[in-house]
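None of the figures in this text is laboratory data; all of them are computed from the coordinates on show. Predicted, not measured: the structure shown is a model, and the values here were computed from it. Here the Cβ positions follow ideal geometry from the backbone for every residue, glycine too, while neighbour counts run over all protein chains shown.
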There are 2 protein chains.
Amino acid sequence: MKPTIYDVAEKAGVSIATVSKVINNTGKIGAETKENVLQVMNDINYYPSMLASAMMGKRTNTIGLLVPDIANPFFAELARSIEDTGQEKGYNVVICNTDNNPEKEIQYLEWLKQKSTDGVVIATGVQKEETFKELIKENIPFALISRNLSSIPVDTVLLDDYLGGYQAGAHLILTGCRNAICLTLNVKTSSEKERLRGFKKALLDHEITYNEEYTISCDGTIENSTNVINDFLKVNKNIDAIFALNDMIAIGAVNGARSFGYNIPEDISIIGFDNTILATISHPPLTSIAQPIEDMGSQVIHLLVETIEGKKQSKKQVILSP
Amino acid sequence: MKPTIYDVAEKAGVSIATVSKVINNTGKIGAETKENVLQVMNDINYYPSMLASAMMGKRTNTIGLLVPDIANPFFAELARSIEDTGQEKGYNVVICNTDNNPEKEIQYLEWLKQKSTDGVVIATGVQKEETFKELIKENIPFALISRNLSSIPVDTVLLDDYLGGYQAGAHLILTGCRNAICLTLNVKTSSEKERLRGFKKALLDHEITYNEEYTISCDGTIENSTNVINDFLKVNKNIDAIFALNDMIAIGAVNGARSFGYNIPEDISIIGFDNTILATISHPPLTSIAQPIEDMGSQVIHLLVETIEGKKQSKKQVILSP
DNA sequence: GTGAAAGCGCTAACAA
DNA sequence: TTGTTAGCGCTTTCAC
């Protein structure tokens with residue numbers, strides 16, 4: 001049987017209140033008593049139950065992380081940074097793969113609530129505003145990363161997606177491309193829309209007209225994006241560039257273009273977004289708009305933990321540059 | 001204030017015992033009463049506190065996952081599978097990045113214990129046998145994945161690493177290589193040793209002698225493995241193959257060989273291990289010994305959950321083929 | 001079928 | 001400085 005605070009108290013010949021005080025370093029306790037209690041705790045291999053202390057209103061020191069898919073390197077790298085910063089600050093993180101499925105999101109959120117998770121980081125795509133309202137109503141701290149919610153003030157860490165999109169467009173033009181297409185996801189978050197908007201603006205600024213039909217979408221997997229691009233190239237002959245809205249589908253675009261017979265970058269230029277490990281290992285290296293993933297992860301945790309620990313009331317929005 | 005079971009009881013005009021029974025579907029309750037209670041729970045937006053029920057001896061439905069680094073695609077893909085299976089069975093998973101650092105492992109294990117985590121999956125490398133003994137002593141269910149512990153019977157899901165190593169060796173020989181080197185990690189787990197053993201056996205079976213000095217190690221990062229390979233090739237001229245013990249360092253080996261001026265696979269063959277997303281996107285595609293990652297993840301959870309839920313006493317060892 | 005009451009392990013007044 | 005005690009929200013006998 002796992003020892004309890006009573007066991008410690010008994011063996012140390014003190015009351016449980018005293019033990020509690022030495023555990024939490026609160027109140028006043030004599031150096032000797034403290035020493036003794038610590039000794040006993042160590043002797044009988046005691047560790048406090050977080051469940052019990054959480055029941056008394058203390059934190060669970062756990063935060064939830066909602067991502068579409070942890071196997072996607074962008075989110076894996078983000079999760080790493082979030083977990084690192086969390087651990088520094090004493091929090092554990094629970095991963096929740098939502099596949100951008102609203103039902104799974106709701107389910108996870110429900111679980112996290114039941115477990116009295118202290119807060120949640122949301123990096124997931126689709127989501128009804130309803131869900132956020134509810135979190136706010138229930139007073140559950142949460143922070144968004146990589147997605148925007150303009151209607152309600154919430155803690156947010158964002159990339160300047162518009163600028164990123166613009167950079168992608170400008171880069172492609174610089175390399176001489178005139179007939180670019182965009183490969184996006186079926187489900188578009190605010191981030192994707194912004195990237196697209198920036199991209200179009202870049203073309204516009206260089207007096208290149210963008211054909212709206214050149215915005216094609218895929219489900220986000222490498223296979224699907226490969227096929228989509230391959231199919232598209234079959235019917236549209238003079239494409240000379242692809243702007244893929246993330247690295248995963250950029251790799252798909254590379255595959256698709258290659259299987260179509262194009263050489264990269266001779267026949268067609270491809271630019272990705274995120275600059276994950278995928279971009280760095282691809283050969284030739286994939287040009288990709290870099291997101292400061294590590295920084296983003298650590299910033300959300302800082303924001304979130306501050307509100308969890310009540311050190312700040314107002315909501316902040318942090319915007320980082322690509 | 002978050003509603004409690006008392007609020008439900010009061011509004012429904014019943015006792016908390018009755019409410020508890022409808023929540024848990026235990027005991028006997030009249031259809032009408034049940035209906036009514038359910039209605040009230042819904043009305044006031046009640047959800048039970050897992051903390052409180054866990055305190056009464058119920059499970060927390062949380063399991064910990066110890067990995068060296070979730071940003072490494074192999075572990076990310078594994079985590080995805082583990083989380084998926086966990087969620088199917090009603091468990092949340094807490095990620096713990098240990099960096100193979102024994103101190104961090106201990107720390108995480110301590111946290112998980114304090115939080116009454118139901119069990120833990122260990123995919124981390126270095127670890128003292130001590131740690132396992134303690135888990136067993138404290139009666140905490142745990143399962144190992146991708147690493148072996150021969151001295152104590154524990155639930156384990158393993159790849160047949162020896163066979164994988166053998167296959168790698170055989171493949172390299174088949175493609176005509178005669179001077180292969182092995183790129184391993186500084187910290188060697190049982191898996192790595194087995195892979196190496198299998199590899200050497202393959203060479204032996206083909207009457208090729210393996211030079212022990214051709215086993216070089218790196219810290220596991222792409223950068224480091226790139227450098228290590230580059231440096232090694234500078235002084236050892238006639239190497240025609242590299243067996244990298246995982247995909248991460250295989251990519252590094254590819255980079256290193258390329259930066260040295262070698263063409264792949266013309267000048268040198270490189271074979272990896274794991275067959276993660278890295279291998280599939282590398283160009284030309286990296287040959288890699290495939291681990292059935294998804295299957296492995298789901299199997300550990302099955303093993304672990306069975307012991308958590310007391311459905312099995314004996315420890316099982318599942319060995320999958322590469 | 002339903003309810004009263006005794007805890008689970010801990011924290012935090014309040015007393016002593 | 002230390003101890004007594006009343007909960008936190010829930011489950012679970014055991015009566016009714």
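Quick notes on this structure:
- Applying the Karplus relation 6.51 cos²θ - 1.76 cosθ + 1.60 with θ = phi - 60° to segment B:284-291 yields 3J(HN,Hα) values of x, x, 6, 6, 8, 6, 7, 9 Hz, where x marks Gly and Pro.
- Computed about the Cα centre, the dipole magnitude for chain B is approximately 800 debye when only Lys and Arg (+1) and Asp and Glu (-1) carry charge, each at its Cβ.
- Distances between copies at B:PRO292, taken between label points 7 Å from Cα along the C-beta direction, are 4.5 nm in increasing order.
- Counting from the shortest, the label point at A:SER321, 7 Å from Cα toward Cβ, is 5.6 nm from the same position in each remaining copy.
- Exercise: per-residue mean of other protein chain Cβ atoms within 10 Å, A:13-20: 0
- The GNM of chain A, with springs linking C-alpha atoms under 10 angstrom apart, assigns the highest mean-square fluctuation among A:VAL157, A:VAL228, A:VAL14 to A:VAL14.
- ³J(HN,Hα) computed for each position of segment A:261-272 - Karplus, 6.51 cos²θ - 1.76 cosθ + 1.60, integer Hz, glycine/proline x: x, 7, 9, 10, x, 4, 7, 8, 9, 10, 10, x
- Candidate aspartates and glutamates for bridging to B:LYS58, where Cα separation is under 15 Å - those fewer than 8 sequence places away on the same chain excluded: B:ASP118, B:GLU309
- Sequence-distant residues sharing a close amide H with A:THR287 (under 5 Å, placed H): A:GLY272
- Close amide H partners of A:ALA241, meaning residues 5 or more places away or on another chain with modelled amide H under 5 Å apart, are A:ASN179, A:ILE181, A:SER269.
- Axis-nearest residue of A (beta carbon) for the A-onto-B rotation, whole Å: A:ALA76, 2
- Taking θ as phi - 60° and the Karplus parameters 6.51, -1.76 and 1.60, the scalar couplings of segment B:200-207 work out to 5, 4, 4, 4, 4, 4, 9, 6 Hz in sequence order, x denoting glycine and proline.
- With R₀ set to 51 Å, the beta-carbon distance separating A:ASP267 from A:GLU10 gives a calculated FRET efficiency near 0.05.
- Selection from B:ASN42, B:VAL254, B:ILE5, by position along the positive dipole direction of chain B (Cβ): B:ILE5
- Gaussian network model of chain B, springs between alpha carbon atoms under 10 Å - residue of B:LEU135, B:LEU304, B:LEU112 with greatest fluctuation: B:LEU135
- Ranking A:PRO68, A:HIS302, A:SER288 by how far each Cα lies toward the positive end of the dipole of chain A (charges on Cβ) leaves A:HIS302 at the top.
- Considering only B:ILE277, A:ILE229, B:VAL14, the residue lying farthest towards the positive end of the dipole of the protein assembly as shown is B:VAL14, judged by Cα position with unit charges set on Cβ.
- Residues considered: A:THR287, A:THR209, A:THR307. Largest GNM mean-square fluctuation over chain A, using C-alpha springs under 10 Å, is found at A:THR209.
- Around the amide H of B:THR215, modelled in the peptide plane, lie the amide H atoms of B:CYS182, all under 5 Å away and 5 or more residues distant in sequence or on another chain.
- Residue order, fewest to most beta carbons within 10 Å, for B:GLU309, A:GLU83: B:GLU309, A:GLU83
- Estimated [θ] at 222 nm from DSSP helical runs (n ≥ 4, -39500 (n - 2.57)) normalised by residues in chain B, nearest 500: -14500 deg cm²/dmol
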